[in-house]
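Structure first, commentary second.
The values are calculated or read from the model by the stated rules, or taken from the named source; none is laboratory data. Model, not experiment: these values are computed from the prediction. Cβ coordinates were reconstructed from backbone atoms using ideal geometry, including for glycine residues, and neighbour counts include every protein chain displayed. Heads up: the accessible areas ignore ligands, DNA and RNA and are worked out on the full protein's heavy atoms, side chains in. Shrake-Rupley method; radii C 1.70, N 1.55, O 1.52, S 1.80 Å.
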Amino acid sequence: MATSVVIGAPDNLLKKLAFQLLYWTGVVRLAAWLNRRRVVVLCYHGVTNRSVRHPDDPFGLHVREDRFRAHLDYLKRHYQVISFRDYLRARREGLDIPNYSTVITFDDGHRNFYTAAAPLLDRYNMRAVMFLISDRIVDDGAGPQKWHESDDQKYLSWSEVHELMKDGFEFGSHTCSHQKLPQLAPRDVEHELRDSKTVIEQQLTRNNLPLAYPYGMTTDGIASLAASLGYSCAFTTATGFNDQSTHLFKLHRTLIGDDDNVAAFAARAAGLTGWLQTGD
C-alpha cells in the first residue's frame, strides 16, 4: 500500500501538470477540432455534495458537485451534448451527427444520480443514460429529493427511475450483480445479461436496452451474446472516440473522475488521454 502511494502520487501530479500544459497551450482545442466529427462518450459513476472525498471512494468515482458543474460548463461552451437515443439512431440510419457531439453516461445506479447529478443536468438542459445494476435497485418509493451523504452508497428505487425517465433520462443494463463477465462460466454470463435486461425492460416497459459491461470488460463471444439477446449496443471503458466504424457492441467511453479538473476533463474529452495512459 505504501509503495503504491509513493509511486502513484508523482505520476498523478505529472499527469495533472501535463493536462494543464496541454490546456493552456491550445493543444486541447486543436485535438478537439481534429476529432470534431467523432463522438466522445463520457462515463461517470456518481456526483456527490461532499466537500471532501469520502474515504470509501479512494479513486474518486463520485465527482464533487462543484467539479461536475465545471465539467458541464465546459461542455456547454465547447460541445454539443446529444441524447443516447439520438446517437444510436444516427448510427443505425447513417445520419449526420453534429460536430463536437458527446454523450453522457453513468454507471451503477447510485441514488446521488437522482439527488445531485440529475438536477444539475436538468439545469443545463442536458440528459444522460444511466446503466443499472438490476439486483441493487430497490423496490421502495422515492425518498427525499435533497442530497444526503448516504446517497453515495444507496441505490435508486424503481419509482425514482420512473420519475427520471419521465424527465427525459434514459436507462440501460449494467448486468444483475456487476461481475467481471470474462471470468464467469458461459451460463452465468447469459444469466447476468438476460435477467437484468428482462427485469429492467419489464419495469420500464422499454425494449432494445443498451448495455454497459461491468469494469468495461468483454470478449468477442460476450459481445455476440449481447447482440443475440436483443441489446441495442454495448459500451466498454476502452478510451477513444466512436464513429460509424466502431463496433456497436464494443463502443468506447472515456472515464471521468473527481481528480479531473477542467484542464484534465478537457484533455480527456478531446482524446488526449491515450498520450498519458499510465495511471488511468
Tell me, please, whether a residue that is open to solvent by less than 40 Å² (accessible area, probe 1.4 Å), in contact (Cβ under 8 Å) with a residue 24 or more places away in the chain and among the basic types (Lys, Arg) can be found in segment 241-250.
no
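Report, by residue number, each residue of segment 165-189 that is among the charged types (D, E, K, R) and surrounded by fewer than 16 Cβ atoms within 10 Å (Cβ to Cβ).
Initial filter on segment 165-189 (among the charged types (D, E, K, R)): 166-167, 170, 180, 187-188.
The answer is LYS166, ASP167, LYS180, ARG187, ASP188.
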Conditions (1) touching a His at 6+ places or on another chain (Cβ under 8 Å); (2) in contact (Cβ under 8 Å) with a residue 60 or more places away in the chain; (3) of a type in the set (A, V, I, L, M, F, W, C); number of the one not met by TRP147
(1)
I'm checking my understanding of the structure. Among residues of segment 48-82 that are in contact (Cβ under 8 Å) with a residue 40 or more places away in the chain and part of a strand (DSSP E or B), which one is most open to solvent (accessible area, probe 1.4 Å)?
ARG64
From (1) surrounded by fewer than 19 Cβ atoms within 10 Å (Cβ to Cβ); (2) under 16 Å from TYR74 (Cα atoms), pick out the condition that doesn't hold for ILE104.
(1)
Pairs needed: first member in segment 160-183, over 22 Å from GLY230 (Cβ atoms); second member anywhere, surrounded by fewer than 19 Cβ atoms within 10 Å (Cβ to Cβ) and at pLDDT 95 or above; C-beta distance under 7 Å; at least 6 residues apart or different chains.
ASP167/ASP122; LYS180/TYR215; LYS180/MET217
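May I ask you to say which residue of GLU192, GLU201 is assigned to a helix (DSSP H, G or I), without any contact (Cβ under 8 Å) to a residue 40 or more places away in the chain, open to solvent by less than 20 Å² (accessible area, probe 1.4 Å) and not small (Gly, Ala, Ser)? I'd like the intermediate steps shown before the answer.
Working: GLU201 fails: open to solvent by less than 20 Å² (accessible area, probe 1.4 Å).
When all the criteria are applied, what remains is GLU192.
Yes or no: ARG85 modelled with pLDDT under 95 and in a loop (DSSP other than H, G, I, E, B)? Lay out the reasoning, then the answer.
Details: modelled with pLDDT under 95: yes; in a loop (DSSP other than H, G, I, E, B): no.
Considered against the rule, which asks whether it is modelled with pLDDT under 95 and in a loop (DSSP other than H, G, I, E, B), ARG85 comes out as no.
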State all residues of segment 204-214 that are open to solvent by 60 Å² or more (accessible area, probe 1.4 Å) and part of a helix (DSSP H, G or I); if no residue qualifies, say none.
none
Could we say that GLY240 is touching a helix residue (DSSP H, G or I) at 6+ places or on another chain (Cβ under 9 Å), part of a helix (DSSP H, G or I), farther than 18 Å from LEU132 by Cβ and not aliphatic (A, V, I, L, M) here?
no
Suppose we filter segment 143-181 for residues that are among the small types (Gly, Ala, Ser) and touching a strand residue (DSSP E or B) at 6+ places or on another chain (Cβ under 6 Å); how many remain?
3
I'd like to check something: does segment 215-233 contain any residue that is free of Cβ contacts under 8 Å to residues at least 12 places away in the same chain and assigned to a loop (DSSP other than H, G, I, E, B)?
no
Kindly evaluate LEU21 against the criterion of being surrounded by fewer than 14 Cβ atoms within 10 Å (Cβ to Cβ), aliphatic (A, V, I, L, M) and either on the phi < 0 side of the Ramachandran plot or part of a loop (DSSP other than H, G, I, E, B) (or both).
yes
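Criterion first (part of a helix (DSSP H, G or I), under 12 Å from LEU132 (Cα atoms) and not small (Gly, Ala, Ser)) does VAL161 satisfy it?
Numbers: part of a helix (DSSP H, G or I): yes; under 12 Å from LEU132 (Cα atoms): yes; not small (Gly, Ala, Ser): yes.
Yes; evaluated as a whole, the condition is true for this residue.
Tell me whether segment 19-34 contains one or more residues that are farther than 19 Å from VAL262 by Cβ and modelled with pLDDT under 95. Spell out the reasoning first.
Of the residues in segment 19-34, the ones farther than 19 Å from VAL262 by Cβ are 34.
This time we only want the ones that are modelled with pLDDT under 95, so: none.
Scanning segment 19-34, I find no residue that is farther than 19 Å from VAL262 by Cβ and modelled with pLDDT under 95, so the answer is no.
With the requirement that a residue be within 17 Å of the chain's Cα centre (by Cα) and at negative phi, what does segment 47-69 give you?
Of segment 47-69, the ones within 17 Å of the chain's Cα centre (by Cα) are 47-48, 57, 59-65, 67-69.
Within segment 47-69, VAL47, THR48, ASP57, PHE59, LEU61, HIS62, VAL63, ARG64, GLU65, ARG67, PHE68, ARG69 qualify.
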